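Please treat every number below as a calculation from the coordinates, not as lab data. It should be emphasised that the depicted structure is a prediction, and the values quoted were computed from it without experimental measurement. Positions of Cβ are generated from backbone atoms using ideal geometry, with glycine treated the same way; all protein chains shown enter the neighbour counts.
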């Protein structure tokens, strides 16, 4: 009688990624439940970011279907990410012990950016390099003092930031136009600093990875 062996399993996976400030999170979702008690060395995962090979430094099971791979030293949102599995490896197997067959480069699907809100109240001195990493809504609380922001740090290409003033206190909320004090400058539509005093309102800014541009309203308004 022939002896049955655990042959490599001929199925690929779904690969998705998200950019998070200075690294990539790559999610590998398998079609069948996986043995979470073991996992292969990180070297079996071959990642290319915009055609540049990148190392996986951390891997961890998220559940029985999904493994998370961390790729450091990625500082801008990439246009293209691929993942190749250089297997088979006995430590990557489904729950009935079949090994996963190797696959060539799979193009990863970009997930929506990680997004959060942040409330900012520091003042009255000018604030440089306000960190907006993964922030899409920045609330300004002027109840206690003026707030003056010269620019930001941590913005990525394609990020949109909504800035909303929370209160109608007499204190000012000011954005400085084209000020050189911050890593990422703010370019306002009037070409001048803008201030909200004793009123609600705000701005919408878009980042190109270098600076922030006012898209709150058209120039002619």
Rg (Å, one decimal) plus Dmax (Å, integer) for the alpha carbons of region 13-110?
12.8, 40
Using a Gaussian network model on the chain with a 10 Å cutoff between Cα atoms, which of 136, 145, 25 fluctuates the most?
145
Relative contact order for region 61-162: what is it in percent, counting Cα pairs under 8 Å that are at least 6 residues apart?
21
PRE reach from residue 183 (point 7 Å along Cα→Cβ): which of region 117-140 fall under 14 Å by backbone N?
128-135
Averaged over all viewing directions, the convex hull of the alpha carbons in the chain casts a projected area in nm² of 15.2
If each residue of separation counts as 0.36 nm, what is the full-extension length gain between residue 35 and residue 133 once their alpha-carbon separation is subtracted?
31.8 nm
Spread of Cα-to-Cα distances over 5 Å intervals beginning at zero, given as percent, for region 100-221:
2, 11, 20, 23, 18, 10, 4, 3, 3, 2, 2, 1, 0, 0
Chain lengthening between residue 42 and residue 55 when straightened (0.36 nm per residue, less Cα-Cα):
3.9 nm
Over region 13-110, what is the mean sequence separation of C-alpha contacts under 8 Å (at least six apart), divided by residue count, expressed as relative contact order in percent?
33
Virtual spin-label span in nm between residue 143 and residue 96, 7 Å along Cα→Cβ:
6.1
Got the relative contact order for region 80-221 handy, in percent, Cα pairs under 8 Å and 6 or more residues apart?
18
